[in-house]
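Asker: Please find one structure pasted underneath; my questions will follow.
The values are calculated or read from the model by the stated rules, or taken from the named source; none is laboratory data. Nothing here was measured: the structure is a model prediction, and the numbers come from that model. Positions of Cβ are backbone-derived with ideal geometry, glycine not excepted, and every protein chain shown enters the neighbour counts.
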Amino acid sequence: MARPATVLRALAGAATVLVLGACSLDLGGLASGDGLQSTRNAMAPAAVPPPERDVERLVGVSRERLLAALGPSTFTRRDGPAEIWRYATDDCFLTFFLHRGDQPRGAALTVHHVEANARTRSAAAWVNPRSCYGQVLQQRGLPQATS
């Protein structure tokens with residue numbers, strides 16, 4: 001059986017490739033059929049960043065609590081003993097890495113890591129996990145916690 005540290009390193013490497021590949025794609029204009037729209041979004045001046053929210057409080061929560069807090073993810077990947085949940089907004093991707101850790105097979109998945117990536121050049125200056133979490137909450141119409 002693989003050691004947990006080895007599994008986590010392999011998962012992190014695979015997730016990095018996945019996220020970087022997704023970041024190179026701006027599909028915003030493709031959904032509307034307007035190929036120029038995504039170019040306009042990438043060159044638009046940076047919008048005021050959303051308020052930063054304490055996303056770190058979600059590290060350690062179960063997948064069920066994450067689902068209750070944010071609703072279904074935009075993208076989910078199951079990879080052996082782990083899951084990757086990604087929430088997309090116009091400006092960023094917020095990615096949660098869920099894993100069982102050292103728990104036995106069948107144990108609940110919990111959030112072990114959170115990261116954010118900008119989707120546009122203009123957002124790159126302000127996107128971090130806290131600001132992206134704030135934007136996810138705003139976009140989904142969820143309560144805006146003060147921390």
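Asker: Report yes if residue 121 is surrounded by fewer than 19 Cβ atoms within 10 Å (Cβ to Cβ) and touching a helix residue (DSSP H, G or I) at 6+ places or on another chain (Cβ under 6 Å), otherwise no. Give the steps one after another, and end with the answer.
Answerer: On the way: surrounded by fewer than 19 Cβ atoms within 10 Å (Cβ to Cβ): yes; touching a helix residue (DSSP H, G or I) at 6+ places or on another chain (Cβ under 6 Å): yes.
Considered against the rule, which asks whether it is surrounded by fewer than 19 Cβ atoms within 10 Å (Cβ to Cβ) and touching a helix residue (DSSP H, G or I) at 6+ places or on another chain (Cβ under 6 Å), residue 121 comes out as yes.
Asker: Within segment 84-107, which residues are over 12 Å from the mean Cα position of the chain (by Cα) and under 30 Å from residue 126 (Cβ atoms)? Can you show your working first?
Answerer: Of the residues in segment 84-107, the ones over 12 Å from the mean Cα position of the chain (by Cα) are 90, 99-107.
If the condition is that a residue be over 12 Å from the mean Cα position of the chain (by Cα) and under 30 Å from residue 126 (Cβ atoms), then 90, 99 are the ones that fit.
Asker: Quick check on my filter: what residues within segment 113-130 are under 15 Å from residue 61 (Cα atoms) and either at pLDDT below 95 or in contact with an Asp or Glu (Cβ under 8 Å, 6 or more places away or on another chain) (or both)? Working first, answer last.
Answerer: To start, the set of residues in segment 113-130 that are under 15 Å from residue 61 (Cα atoms) comprises 113-114.
Answer for segment 113-130, where residues must be under 15 Å from residue 61 (Cα atoms) and either at pLDDT below 95 or in contact with an Asp or Glu (Cβ under 8 Å, 6 or more places away or on another chain) (or both): just 114.
Asker: All but one of (1) outside any helix (DSSP H, G or I); (2) surrounded by 13 or more Cβ atoms within 10 Å (Cβ to Cβ); (3) not β-branched (Val, Ile, Thr) hold for residue 134, so report the exception by its number.
Answerer: Among (1) outside any helix (DSSP H, G or I); (2) surrounded by 13 or more Cβ atoms within 10 Å (Cβ to Cβ); (3) not β-branched (Val, Ile, Thr), residue 134 violates only (1).
Asker: Filter the strands (runs of 3 or more DSSP E) completely within segment 65-128 down to those with at least 3 residues that are within 24 Å of residue 141 (Cα to Cα), of a type in the set (D, E, K, R) and touching a residue at least 60 places away in the same chain (Cβ under 8 Å).
Answerer: Numbers: elements: 75-79, 82-88, 92-99, 110-118.
Those strands (runs of 3 or more DSSP E) do not exist here; none qualify.
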